[in-house]
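Notes follow the structure.
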There are 2 protein chains.
Amino acid sequence: MADNLQEQLYQNIRSGLLAGRFQPGERLKIRDLASEWGTSPMPVRAALQRLVAEGALEGEQQRSVRVPSMTRERYENIFQVRLALEGLAVELATPRLSRDDLALLRDCVQRMDVAIETRQVQGYLSANSQFHLHLYGACGNPVLMRSIESLWLQIGPFFNRLFTGADLSLRLNDFHEDAFAAIEAGDAKGARQAMEQDLLYFARFLLNLLALEQGEV
Amino acid sequence: MADNLQEQLYQNIRSGLLAGRFQPGERLKIRDLASEWGTSPMPVRAALQRLVAEGALEGEQQRSVRVPSMTRERYENIFQVRLALEGLAVELATPRLSRDDLALLRDCVQRMDVAIETRQVQGYLSANSQFHLHLYGACGNPVLMRSIESLWLQIGPFFNRLFTGADLSLRLNDFHEDAFAAIEAGDAKGARQAMEQDLLYFARFLLNLLALEQGEV
DNA sequence: CATGATATTTTGTGATCACAAAATAGTAAA
DNA sequence: TTTACTATTTTGTGATCACAAAATATCATG
């Protein structure tokens, strides 16, 4: 994609994180990744440091870079900020959506319905993230968008990992439908409220999965 | 402070940015900074890349790193996010403040009063940032705090530069006093509202300075 | 004098090496 | 078997070098 190596490595490691390919607490070692991708340690170092700066990885002083572990407390902290930022983004985006945007969002909602019925976790998560991020992307505020993406990068890994093998609740799409209806009607406040309900329901669902996992381990 | 070089350089460049020591659009060159601090280019490179990742500097593809310029639009984007995040932080922090915290905040308000009367811009800005950041720091949510600090790093440089030589409005402390009264009374919602008024007034004040500058240049 | 092509310099990126601190393995004593 | 100490390996950091692309300077041409 980009012509410099550290950008490519950044994208690779980032998508690896979002896909849940690394375990919480796992150490990402510069030389290992470098030999895996066939490069020198230098661009790997830069990519990891960037991910640390963005909050996607945690780096202790003069120590290895680690995949952060998700606790209930940390999840609630992130959730609190998400509620504020994503609520704002929905409100701003609603009056700015084009006909094409609406069509895409409608398609996402339908795909989530199908995915829930056929129990395709990956399909659900994919459509879910597209629904949210495409909607927020229309808010017209790059600073806001950047902050939201930083938060998604911090929780994304746990979405994918925790959801894998879990039963999808049948209600996981209800609030998306409410939100879409409000969006289509141009009701920004209503869309925000519906989306906040969605985030809340989703957060509770995920906290249950988190409690299950930590109970098992 | 820290034992690794890139951390020191990061702190140095960062405080240089916050002090308004660099001009908007100015290119920060690795080798120049390296020779200025007497190090190799390597830790400078890391420090600059970190600042880019945090949004404090902008880095085009395979090009020099630049100090971003502030436009009205960008300032309004940042302000919109600040309003959401700092409002939330005040609300969360209010019931968590200790007696010592309150004493410190009261002191900040007094120092701002004195600074406005004696027209000491630096004194005002210093007390102002301490008031806000210490208050937010008590919110108990590190994720929120981190996001707020990222935004301050993006506007801080322009505070200091634009304010220098400007006349301080006599009303620049009114809302701090309102906010402090609400905080002291434990009225979280009221504190949030007062702080939002402060941010709004401050933003307008700064947008005037920005318009003045861009009109002159 | 203005303008576009060319040569020179500057600058960021990536590789390799040296080094110190941290992590790990190994060993001996209780 | 457990614990404390030591030796070895691993790992991140910082320096130096090579290189290509970008920025700048130089010069010829209209």
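The values are calculated or read from the model by the stated rules, or taken from the named source; none is laboratory data. Given the structure is predicted, the values throughout are model-derived calculations rather than measurements. We place every Cβ from the backbone using ideal geometry, glycine too, and count neighbours over all the protein chains shown. Quick note on the areas: whole protein, heavy atoms, side chains included, nothing else; ligands and nucleic acids left out. Shrake-Rupley method; radii C 1.70, N 1.55, O 1.52, S 1.80 Å.
Nearest 500 deg cm²/dmol is fine: what mean residue ellipticity at 222 nm does chain B get from its DSSP H runs of n ≥ 4 alone, each adding -39,500 (n - 2.57), divided by its residue count?
Calculated from helices alone, the mean residue ellipticity at 222 nm is -24000 deg cm²/dmol.
What residues in the range A:2-49 lose 20 Å² or more of accessible surface when the other protein chains are added to their chain alone (1.4 Å probe)?
Residues losing area: A:Asp3, A:Asn4, A:Gln6, A:Met42, A:Arg45, A:Gln49.
Mind giving me the FRET efficiency for A:Glu177 and B:Ser126? R0 is 56 Å, r the Cβ-Cβ distance, nearest 0.05 is fine.
Once the sixth-power term is evaluated, E becomes 0.65.
Can you find, among B:Gln6, B:Ser64, B:Gly20, the residue farthest towards the positive end of the dipole of the range B:5-66? Put +1 on the C-beta of Lys and Arg, -1 on that of Asp and Glu.
The residue sitting most towards the positive pole is B:Ser64.
With an 8 Å cut-off on Cα pairs and a minimum separation of 6 or more residues, tell me the relative contact order of the range A:5-66 in percent.
Working: 49 pairs, mean separation 24.4, N = 62.
Once divided by the residue count of the range A:5-66, the mean separation gives 39 percent.
I need the inter-copy label distances for A:Leu207: point set 7 Å along Cα to C-beta, values in nm with one decimal, smallest first.
3.8
Starting from a label point 7 Å past Cα on the Cβ side, list the distances from B:Asp174 to the same position in the other copies, nm, shortest first.
Spelled out, the distances from B:Asp174's label point are 4.7 nm.
What number comes out for accessible area per residue over the protein assembly as shown if the probe is 1.4 Å? Units Å², please. Walk me through the intermediate numbers first.
Numbers: 21100 Å² over 434 residues.
On a per-residue basis, the protein assembly as shown sits at 49 Å².
Taking Cα pairs under 8 Å and at least six residues apart, what relative contact order does the range B:72-216 come out at, in percent?
It rounds to 33 percent for the range B:72-216.
What dipole magnitude, in Debye to the nearest 20, does the protein assembly as shown give about its Cα centre under +1 on Lys/Arg Cβ and -1 on Asp/Glu Cβ?
Value, rounded to 20: 1140 debye.
Run the label-point distances for A:Ser15 please: 7 Å along Cα to Cβ, every other copy, nanometres, shortest first.
4.2
Among B:Arg21, B:Arg63, B:Arg161, which one shows the highest mean-square fluctuation when chain B is modelled as a Gaussian network with alpha-carbon springs under 10 Å?
Taking springs between Cα atoms under 10 Å, the residue moving most is B:Arg63.
Going Cα to Cα from B:Lys189, which lysines come in below 21 Å? Please leave out same-chain ones fewer than 8 positions away.
List returned: A:Lys189.
Roughly how many debye, to the nearest 20, is the charge dipole of the range B:89-217 about its Cα centre, given +1 on each Lys and Arg Cβ, -1 on each Asp and Glu Cβ, and no other charges?
260 debye
How large is the dipole of the range A:1-71 about the Cα centre if only Lys and Arg carry +1 and Asp and Glu carry -1, each at its Cβ, rounded to the nearest 20 debye? Write out the running numbers ahead of the final one.
Details: 9 positive and 8 negative charges, 36 e Å.
The dipole of the range A:1-71 has a size of about 180 debye.
Does anyone have the angle between helix B:121-137 and the longest principal axis of chain B? Alpha-carbon axes, 0 to 90°, nearest 10?
80 degrees
Rounded to the nearest 0.05, what FRET efficiency do A:Glu117 and A:Gln8 have when you use their Cβ-Cβ distance and R0 = 41 Å?
The computed FRET efficiency comes out at 0.60.
Summing +1 for each Lys or Arg and -1 for each Asp or Glu, what net charge is found among the other residues whose Cβ lies under 12 Å from the Cβ of A:Phe158? Each step should come with its number before you reach the end.
Numbers: positive: A:Arg72, A:Arg74, A:Arg161; negative: A:Glu213.
So the surrounding residues net to +2.
What list of ³J(HN,Hα) values in whole Hz, one per residue of the range A:71-80 in order, does the Karplus curve 6.51 cos²θ - 1.76 cosθ + 1.60 (θ = phi - 60°) give from phi, with Gly and Pro shown as x?
So the J values, rounded to whole Hz, are 9, 4, 5, 4, 5, 5, 4, 4, 4, 4.
Between the range A:6-85 and the range B:179-206, what is the C-alpha centre distance in whole Å?
37 Å
Which one, A:Arg111, A:Arg31, A:Arg66, has the greatest fluctuation when you compute a Gaussian network model over chain A with C-alpha springs under 10 angstrom?
Top of the fluctuation ranking is A:Arg31.
Report the closest approach of any chain A C-beta to the axis of the A-to-B rotation: residue and distance, in whole angstrom.
Nearest Cβ to that rotation axis, in whole Å: A:Ala53, 2.
Return the carbon/sulfur percentage of the accessible area of the protein assembly as shown, one whole number, probe 1.4 Å, all protein chains in place.
Answer for the protein assembly as shown is 48 percent, counting heavy atoms of protein chains only.
Sort B:204-214, B:42-52, A:119-129 for me by packing, meaning the mean count of neighbouring Cβ atoms within 10 Å per residue, highest on top.
Ranked from most to least packed, the peptides come out as B:42-52, A:119-129, B:204-214.
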